[in-house]
């Protein structure tokens, strides 16, 4: 994975490199699902690592289904996670969100 300064000049300024497009498409595909987008939002909104047990009440889905969605977010590099006893705790990887945000940045038009 390339670092933030190497990847992804905003689409509004220059075309994205082929390798960067493949990587960013993988990330976009992960957040294109409403459950995963909401999970990412819930995890990002917390100041501390988030237990999967704290996410379950927000969904009408089983724990294995939530865990599957978290795995996809983890594989896309959007979250990190760690097993602590019975439960898995997750946190957002800010650099990946920054890269995703930078991809869609536009320059402000001067008025």
Discussion item. Cut-off is 10 Å between beta-carbons; in what order do 65, 106, 96 appear when sorted fewest neighbours first?
Written reply: 106, 65, 96
Item to complete: Pull out the extension gain between residue 48 and residue 28, defined as 0.36 nm times the separation in residues minus the alpha carbon to alpha carbon distance; nm, one decimal.
Response: 4.8 nm
Worksheet item: In nm, to one decimal, how far is the residue 13 label point from the residue 102 one, both placed 7 Å along Cα→Cβ?
Response: 0.9
Discussion item. Give me 35, 88, 22 sorted ascending by neighbouring Cβ count inside 10 Å, so fewest comes first.
Written reply: 22, 35, 88
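Can you tell me the order of 50-62, 68-80 when each peptide is scored by its average per-residue count of other Cβ atoms within 10 angstrom, highest first?
In descending order of packing, they fall as 68-80, 50-62.
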Discussion item. Which three numbers, in whole Å and largest first, are the semi-axes of the equivalent ellipsoid of segment 18-103 derived from its Cα gyration tensor as √(5λ)?
Written reply: 23, 13, 11
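Coordinate-derived values only; no laboratory data. Remember, predicted model here, so these are calculated numbers, not experimental data. In this analysis, Cβ positions are derived from the backbone assuming ideal geometry, glycine residues included, and neighbour counts consider all displayed protein chains.
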